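Please read the structure below before turning to the comments.
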Amino acid sequence: MIPDKVPKDDVFYGAAELQKGAHVPTFEKYKDMYMQSIQDPDKFWGDMAKDFFWKSQHTGRFLDYNFDVTKGEIFTKCMAGASTNICYNVLDRNVHDRKLGDKVAFHWEGNEPGDESMVTYRELLHAVCRFANVLKSQGVRKGDRVAIYLPMVVELVVAMLACARLGAVHSIVFAGFSAESLSDRIMDSGCSLLVTADGFYRGDKLINLKILADEALQKCRDKGFPLHRCIVLKHLSKEAHETSLSCPPAKRSCPDLQVPWNPEVDRCWHALVAAASDQCEPEWCESEDPLFILYTSGSTGKPKGVLHTLSGYMLYTAATFKLVFDHRPDDVYWCTADIGWITGHSYVTYGPLANGATSVLFEGLPTYPDVSRMWQMVDKYRVSKFYTAPTAIRLLMKYGNEPVQKYKRDSLKVLGTVGEPINPEAWHWYFSVVGDSRCPIVDTFWQTETGGHVLTPLPAATPMKPGSATFPFFGVVPAILNECGEELEGPSEGYLVFKQPWPGVMRTVYGNHGRFQSTYFKKFPGYYVTGDGCRRDKDGYYWITGRIDDMLNVSGHLLSTAEVESALVEHEAVAEAAVVGRPHPVKGESLYCFVTLGDGRTFNPTLEAQLRKQVREKIGAIATPDYIQDAPGLPKTRSGKIMRRVLRQIARGEKDLGDISTLADSSVVETLFINRCQPAL
Ligand code: WT7
């Protein structure tokens, strides 16, 4: 399945010296290791597991599973029966066994240049123990769910690892999500406590996070789900700074910061931590105990709580981090993703810490205060491995080479990308301008569900083709299926599926195993279905062609069309809504919304603004519609199904609509076409 030979021409390589001392130095070596990982997964992963601390060894098979719905319940178990603790493995083991206590775990840099701090592995361990003791004192026990709604501060890592230390399950909600999204997630995962902050700055915009958290808690209360405790980190408040790990030292005043306080529920992070011990025995957990829940959009509109469990996730994030970034002890690694997304869970927190890496943790934006911020930081911290998203690359590319080239970037060795297919133009700019044609690009394809990279180049081993995620990671067996569910061989295009689990694959949708099975395993029994289309070329390279379900990928984040549609129809003026994607030069896709108004309602700029606000408040800023078109009628089949294909073509301004003979009323299309929204300048 992995080709014997890879092409010599039309492919790109990083600098040859990267092969020296690389974990996987050649394509031959990759192939050998890949075959081992498939033929004898127990040995392959068993060897990886030796680096970790196990309180007791596993009892059954290393990896046990059923991926075929026709044969019974879907399950994956990795190292069942073993007991361990992931927090112990990423902190105590590094401090005590590997003598990395004084090594920097994170260089934190705030939104404002000059706001910075650093934390060593030993300091991080103590901070985590203190906060774990705080959580315990607030009644958190093994198995309890804790919601975390924090900006990119070191305390976010502390809070998540403190949960892991106690065997509690963290459910992190990206701080860019709305109060309503937060409350839905708190209720769905049945959290008993919320950890949040007073506020933070995104560029020059202040976000009063505590107000949003309070709104969310009020919504929970209204629905009969009261939360009794909320721990509030003072990140911007004046009194905050002495005990903060990520404190803006300038003590700037934030006149617009509002921190409403409910003494019944709210507790100050700093006061609690000051009174807590920095010693805390980890809770030994079973391999398949839940580690965290993270929500991702679902095609029915209701987000799914993706559940990951302890040992398999730990092994997989550690192995992918080590091999995909070819991690070396003196690296400085920087992943720009927010911890609120899976990329941050796996490749800001768990993967790097498991390897004892030094990382940059950045609170701010790539364009603030100016568009060279990233490269200035690369030089400042001497970053050697850099991981970001195509949308950020396209955004910065617009400003030309000068903001990049005024910094040296000579520390960079490997560049990574994730989130969506990277268009060749952006790839070439990243490769030649950012990486000076020296640094390989690891185009890592994966999903919230996969826990870690599943298709990816290895930097010293895999010849790159711009836009291709190349080949499977160890233990991963991809296939391409046609509509009938038949596996296609050789060059082909179809549904991307996986034939067997790897340690880090999700275990269930929290509280809804039926939905887990029907979403990923029903369409093609025997396979995990990614929802992505994929092409394999003559050389065996895999190319992701994009989602083939009702999902949109906006700036590397999935949104379901149904989720946005239901936010729109909740407005009293809207009778029906249909949302499709329209290609966008920076975001990848933008949201194009067709709305049919109720009788007697008229479309006008005020209503349009209200609808935008409504979607933002229901879901979050990321879902803000780019275009809203008044649609007196929607193209429907005779059975009443909206023809999204036709709407997509209208949104793109494509005149040739193909076969529309199944439409009930074709005049609807002409009207929509004439009135379609023009692209913004
Ligand atoms: C979807 C998963 C995994 C972390 C970020 C997104 C798309 C992701 C790539 C890539 C082409 C990619 C897919 C996938 N995607 N990485 N390198 N090339 N497409 O996590 O929100 O769960 O989204 O992102 O469509 O299914 P997510």
(message) Counting other C-beta atoms within 10 Å, and keeping those with at most 12, which DSSP coil GluC sites (Glu not before Pro) do you find in the range 449-536?
(response) 483, 486, 489
(request) Starting with the highest mean, order 158-171, 57-70 by the number of other Cβ atoms within 10 Å, averaged over the residues of each peptide. (result) 158-171, 57-70
(request) Express the relative contact order of the range 563-637 as a whole percentage, based on alpha carbon pairs under 8 Å and six or more residues apart in sequence. (result) 33 percent
(message) Among DSSP bridges having both ends in the chain, what percentage is antiparallel? Round to the nearest 5.
(response) 60 percent
(request) Note down the net charge around residue 80, summing +1 for each Lys or Arg and -1 for each Asp or Glu among other residues with Cβ under 11 Å from its Cβ. (result) -2
(request) Kindly state, to the nearest 0.05, the FRET efficiency for residue 610 paired with residue 656, given R0 = 56 Å and r defined as their beta-carbon distance. (result) 0.95
(request) Please find the FRET efficiency linking residue 423 to residue 281, where r is the Cβ-Cβ separation and R0 is fixed at 41 Å, and quote it to the nearest 0.05. (result) 0.20
(request) Starting from the Cα of residue 482, move 7 Å in the Cα-to-Cβ direction to define the label point; list residues of the range 524-567 whose amide nitrogen is under 15 Å from there. (result) 536
(request) Counting other Cβ atoms within 10 Å, keep those with at most 11, restrict to DSSP loop, and tell me which trypsin sites (Lys or Arg not before Pro) in the range 619-681 are left. (result) 638, 641, 655
(request) With a/c under 1.5 counting as rounded, go ahead and sort the range 1-124 into rounded, prolate or oblate using the C-alpha gyration tensor (a ≥ b ≥ c being the square roots of the eigenvalues; past the cut-off, prolate if a/b is larger than b/c, else oblate). (result) oblate
(request) Residues in the range 474-510, backbone N under 15 Å from the label point at residue 39 (7 Å along the Cα-to-beta-carbon vector): list them, ranges by number please. (result) 475
(message) Quick check: convex hull of the Cα atoms in the range 101-187, volume per residue, rounded to a whole Å³?
(response) 92 Å³
(request) Obtain the radius of gyration and the Kirkwood radius of the range 268-413 from its C-alpha atoms and give Rg over Rh. (result) 1.03
(request) Would you mind checking which residues have amide H under 5 Å from residue 235's amide H? H placed 1.01 Å from N; only 5 or more apart, or other chain. (result) 198, 199
(request) Please give the contour-minus-distance gain from residue 670 to residue 222: 0.36 nm per residue of separation, less the Cα-Cα distance, rounded to one decimal in nm. (result) 156.7 nm
(message) If you restrict to DSSP beta bridges whose two residues both lie in the range 194-290, what percentage is antiparallel, to the nearest 5?
(response) 30 percent
(request) Show the residues, 5+ positions off or on another chain, whose built amide H is closer than 5 Å to the amide H of residue 75. (result) 66
(request) Apply the Karplus parameterisation 6.51 cos²θ - 1.76 cosθ + 1.60, with θ equal to phi minus 60°, to every residue of the range 506-520 and state each ³J(HN,Hα) to the nearest whole Hz, in sequence, with x for glycine and proline. (result) 4, 9, 6, 8, 3, x, 8, 5, x, 5, 4, 5, 6, 5, 10
(message) What FRET efficiency comes out for residue 678 versus residue 238 if R0 is 45 angstrom and r is the Cβ-Cβ distance? Round to the nearest 0.05.
(response) 0.40
(message) Quick check: Cα centre of the range 338-404 to Cα centre of the range 172-239, how many Å?
(response) 25 Å
(request) Excluding residues on the same chain fewer than 8 positions from residue 20, give the aspartates and glutamates whose Cα lies under 14 Å from its Cα. (result) 326
(request) Determine the sum of side-chain charges near residue 57: Lys and Arg each +1, Asp and Glu each -1, restricted to other residues whose C-beta is under 14 angstrom from that of residue 57. (result) +1
(message) Averaging the inverse of every distinct alpha carbon separation and then flipping it gives the Kirkwood radius. What is it for the range 525-681, in angstrom units?
(response) 16.8 Å
(message) If I stretch the segment between residue 432 and residue 367 completely, what's the gain in nm (0.36 nm per residue apart, minus their alpha carbon distance), one decimal?
(response) 21.3 nm
(request) Take each of the peptides 79-91, 209-221, 24-36, average the number of other beta-carbon atoms within 10 Å over its residues, and list them starting from the highest. (result) 79-91, 209-221, 24-36
(request) Please work out the Cα center distance from the range 42-56 to the range 537-563, rounded to the nearest Å. (result) 34 Å
(message) I'd like the distance separating the alpha-carbon centroids of the range 88-145 and the range 634-650, in whole Å.
(response) 52 Å
(request) Beyond 30 Å between alpha-carbons counts as too far, so tell me which of 223/641; 31/499; 31/380; 77/522; 136/234; 77/210 fall in that bin. (result) 223/641; 31/380; 77/210
(request) Work out how far the C-alpha atoms of the range 78-125 reach from end to end along every principal axis, then list the three figures in whole Å, largest first. (result) 48, 23, 12
(message) Please compute the contact order of the chain in relative form: average sequence separation of alpha-carbon pairs under 8 Å and at least six residues apart, divided by the residue count, as a percent.
(response) 14 percent
(request) Go through 589, 264 and list them by solvent-accessible area, largest first, probe radius 1.4 Å. (result) 264, 589
(request) Enter the accessible area per residue of the chain (Å², integer; probe 1.4 Å; all protein chains in place). (result) 38 Å²
(request) State, to one decimal in nm, how far the label point of residue 406 lies from the label point of residue 8, with both points 7 Å from Cα in the Cβ direction. (result) 4.4 nm
(request) Place the peptides 359-371, 308-320 in order of packing, highest mean first, counting for every residue the other Cβ atoms within 10 Å and averaging per peptide. (result) 308-320, 359-371
(request) For the range 87-232, give the magnitude of the charge dipole about the Cα centre (Cβ charges: +1 Lys/Arg, -1 Asp/Glu; no others), in debye to the nearest 20. (result) 720 debye
(message) Given axes a ≥ b ≥ c from the Cα gyration tensor, I'd like to know whether the range 173-299 is rounded (a/c under 1.5), prolate (a/b larger than b/c) or oblate.
(response) oblate
(request) Please compute the net charge surrounding residue 582, taking Lys and Arg as +1 and Asp and Glu as -1 over other residues with Cβ under 14 Å from its Cβ. (result) +3
(message) If I take the Cα coordinates of the range 329-483 and project them onto the principal axes, what are the three extents in Å, biggest first?
(response) 48, 33, 28
(message) Using the basic label-point model (7 angstrom from Cα toward the beta carbon), what is the residue 70 to residue 102 distance in nanometres?
(response) 6.3 nm
(request) Show that you can apply the helix-only estimate: for the chain, add -39,500 (n - 2.57) for every DSSP H stretch of four or more residues, divide by all residues, and state [θ] at 222 nm to the nearest 500. (result) -7500 deg cm²/dmol
(message) Normalised radius of gyration for the chain, please: alpha carbon Rg relative to 2.2 N^0.38 Å, two decimal places.
(response) 0.94
(request) Would you mind telling me the share, in percent, of accessible area of the chain contributed by carbon and sulfur at probe 1.4 angstrom? (result) 51 percent
(request) Compute the normalised compactness of the range 130-177: alpha-carbon radius of gyration over 2.2 N^0.38 Å, N being the residue count. (result) 1.07
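The values are calculated or read from the model by the stated rules, or taken from the named source; none is laboratory data. Computed from a predicted model, the values in this text were never measured in an experiment. Using ideal geometry, Cβ is built from the backbone for each residue, glycine included, and neighbour counts are taken over all protein chains shown. With ligands, DNA and RNA removed, areas are computed over all heavy atoms of the protein, side chains included. Shrake-Rupley method; radii C 1.70, N 1.55, O 1.52, S 1.80 Å.
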